[in-house]
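The values are calculated or read from the model by the stated rules, or taken from the named source; none is laboratory data. Bear in mind that the values here come from a model prediction, so they are computed numbers and not experimental data. Reconstructed Cβ throughout: ideal geometry from the backbone, glycine too, with neighbour counts over all protein chains shown.
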Amino acid sequence: MATAMVEERAPEAHTLTGRARTVAFLTIALGMLLAALDSTVVSTALPTIVGDLGGGDHVSWVVTSYLLAQTVVTAVIGKFGDQFGRKTIFQLSVALFIIGSALCGMAQGMGWLIGSRALQGLGAGGLTVTATALIADIIPLRDRGRYQGALGAVFGITTVLGPLLGGFFTDNLSWRWVFYINVPLALVVIAVAGRTLPNVRATGRQVIDYVGIVFITIGSSCLVLATSWGGTTHPWGSPTIIGLFAGGALALGIFVLVELRAVQPILPMRLFRERVFWTCCALSFVVGFAMMGSITFLPTFLQYVDGVSAMDSGVRMLPMVLGLMLTAITSGNIVSKTGRYKIFPVVGTPVIAIGLLLLSRLDESSPALQEAGSMFVLGLGIGASMQVLTIIVQNTVDYRDLGVATSAVTFFRTLGGAFGAAVFGSLYSNFLSGRLPEAIAATKGAVTPQDASTPSALHKLSDQTIQPVVHAYAESLDHVFAWAAPVALLGLLIALLIPQVTLHGSVKPGAADLGEGFAMPDSASAEDRLATRIARLVYADHGRPLIQIMQDADLGLDEGRTWALLEVHGRARTGHPASLGEVAQAHRVPAIVMQPTFESLLHSGHLAGSLGDLTMTAKGTEVMEKLGAFAKTWIVGHLEGIDDVDEPVIDAAIQRIIGRLLKEIAERGQEPVAVTS
């Protein structure tokens, strides 16, 4: 038992300390920031991009291609990181992101830009998933929740920064700099990552569901293409659109059959037997649909109808983002304290619908305060609905499915965003194509099609002259938002079906993490997630549970001697020499303070050697075995939600985790407790 407990499976995470940890984390966070920003940064630049490159009928694909590519790669890249090393995959993903960004900046046509955005999305998906996995490699368990929360905050803040930065570069440099700016920053990420990040990979060969990936990609792409092209590029009843819908349905059907037979499916079909799972996935799709659809086309309204610059349109969208952040953070904190979550999606989805209806009432005469209020209401609804879905799923699926179920919620939200951008774009193109030609004709030549193609050119003309054109844009976008409102009401019906379950006590603190709410990709294995839960459990209340374990273990030693024995035990396990001076220096405590404790352990036979060269004895090792066995029993008794897990599985996982916890206590400067003679 004890041997299994203290021996960790190779390879082990290379936790960092001090400046090295800070630099490594900042490198990971910068990579995450670049990838997350590019999902929203183009929204304020889209009107200008269309005016420069043309292809307005396909404008939504600038966003959709990025999201689709990112969605697909997140399903498989985590296993590539395990097999080939996360550092290698992280650097390759950044390199792919750089190439995609450079090609986007050089684009000479809409097709070129859309293809380059897909390439950029592949890199971004690999970057974000690998970034979250690298945190587990470099951060000790007791600090991991704090760093993951910070990484999640980075992911959430991009919702604010994206439209602002996109507008700033478009107004002051060029829309091309929205993409070019990524290149030098990402090069820095690659260079620093090469020097600071450890290269950790799992043992054994990973089983990757390539066939499932192919068919979910084909099915999703066909359906998104059909909704994007229908009524614009091709009539709804055309063979092309019918063929895309049929092909998409066929591919998804094959995907289901493949997943039923796959050894390690990317989306186990058995999960859909649980009502809570499929309702959360469906609602996640709806929330992503509303969020990305509105973020993509609100800048178009603000620039064409209000005549503001790209930068100002980003500023004017802040009420929506602030409302979103407000309810996302508030709902997460409330759930973490009370465990009650169902009220938030039930209230949030109709608020989304109200926000969309309020947006549909705006026109060229609407005051800025009315626009801000409408966007704020929409943000409140999205934030209230999005934060709790992952937490719900994590508390209802079997332990073995924890990682794949969490990824599924993120997958459906991102896929919903891709569909939202495509459907909003299709509606917009349909409505505008039926109004804009007549509006331009009504100006009797005062406004040309070229003038109407970009907001900056249009608003150089007098307000009276462009009024028919502005009204055409306003009316088209109003219809888009009005048609989107019923989708949110569908979300309400789904939310009503979500059951309320009791949250596990060790999971509730994670409900307030922004990363979960903003669909930050995460490839963590079930064992990694269990490690995080155990860390939250034993390091709660400033580490008091650890002291309690040492007190209750009945080892025949007080906490001070137990801690000192742990120090030597941990160093011995990792092949490091142990001495009084080294231990005292690691904890910045005068050696004379610790000397009586170590002398007592030498005298009692728990340690051998001298104060300058301490070694474990059989008696001391027996105490550590007893502590390990008691710690395992204590954790199992206090960790909720693992009743469905096979005992050998949970036993092996906890043994490994206890070993790492003991190692980190010994090596990472855990403050000594009650050191007495």
Name the one entry in G323, G307, G293, G288 that is touching a residue at least 60 places away in the same chain (Cβ under 8 Å), closer than 30 Å to K460 by Cβ, assigned by TED's automatic domain parsing to the domain that holds F376 and crowded, with 20+ Cβ neighbours inside 10 Å. G293
Which members of the stretch 564-577 meet the condition of being surrounded by 16 or more Cβ atoms within 10 Å (Cβ to Cβ) and at pLDDT below 80? G570, R571, A572, R573
Using the structure shown, decide if A124 is at pLDDT below 75, within 30 Å of L427 (Cβ to Cβ) and surrounded by 24 or more Cβ atoms within 10 Å (Cβ to Cβ). no
Cβ-Cβ below 9 Å, separation at least six or inter-chain, first residue in the stretch 620-637 and without any contact (Cβ under 8 Å) to a residue 60 or more places away in the chain and farther than 16 Å from L601 by Cβ, second among the aliphatic types (A, V, I, L, M) and surrounded by fewer than 22 Cβ atoms within 10 Å (Cβ to Cβ): which pairs? V636/I642; V636/I650
Taking the condition buried (at least 24 other Cβ atoms within 10 Å of the Cβ), assigned to a loop (DSSP other than H, G, I, E, B) and either modelled with pLDDT under 85 or in the same structural domain as T158 (by TED's automatic domain parsing) (or both), does S523 pass? yes
Picking from A133, A95, A69, which residue would you name as being modelled with pLDDT under 75 and either on the phi > 0 side of the Ramachandran plot or assigned by TED's automatic domain parsing to the domain that holds V189 (or both)? A133
Mind listing whichever residues of the stretch 234-269 are farther than 17 Å from F412 by Cβ, of a type in the set (V, I, T) and part of a helix (DSSP H, G or I)? T240, I241, I242, I254, V258
State yes or no: is A353 in a helix (DSSP H, G or I), within 25 Å of P319 (Cβ to Cβ), modelled with pLDDT of 80 or more and not assigned by TED's automatic domain parsing to the domain that holds V50? yes
Scanning the stretch 412-446 for residues that are farther than 11 Å from V224 by Cα and of a type in the set (V, I, T), the one surrounded by the fewest Cβ atoms within 10 Å (Cβ to Cβ) turns out to be T443
Matching entry among R660, R656 (being surrounded by 15 or more Cβ atoms within 10 Å (Cβ to Cβ), in contact with a Lys or Arg (Cβ under 9 Å, 6 or more places away or on another chain) and either closer than 26 Å to I534 by Cα or at pLDDT below 70 (or both)): R656
Right, A608: modelled with pLDDT under 80, assigned by TED's automatic domain parsing to the domain that holds V623 and either of a type in the set (D, E) or farther than 19 Å from A553 by Cβ (or both) or not? no
Tell me which of these L250 doesn't satisfy, since it passes every other one: (1) over 22 Å from the mean Cα position of the chain (by Cα); (2) more than 30 Å from I466 (Cβ to Cβ); (3) in the same structural domain as R413 (by TED's automatic domain parsing). (3)
Got at least one residue in the stretch 270-285 being β-branched (V, I, T), part of a helix (DSSP H, G or I) and under 16 Å from L380 (Cα atoms)? no
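Let's see how each residue does on (1) touching a residue at least 60 places away in the same chain (Cβ under 8 Å); (2) crowded, with 23+ Cβ neighbours inside 10 Å; (3) closer than 20 Å to M320 by Cβ; (4) in contact with a Leu (Cβ under 8 Å, 6 or more places away or on another chain):
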site: V347; (1), (2), (3), (4): no, no, yes, no
site: I352; (1), (2), (3), (4): yes, yes, yes, yes
site: D363; (1), (2), (3), (4): yes, no, yes, no
site: S366; (1), (2), (3), (4): no, no, yes, no
site: L380; (1), (2), (3), (4): no, yes, yes, yes
site: L389; (1), (2), (3), (4): yes, yes, yes, yes
Which numbered condition trips up W278, out of (1) under 14 Å from A405 (Cβ atoms); (2) buried (at least 19 other Cβ atoms within 10 Å of the Cβ); (3) not hydroxyl-bearing (S, T, Y)? (2)
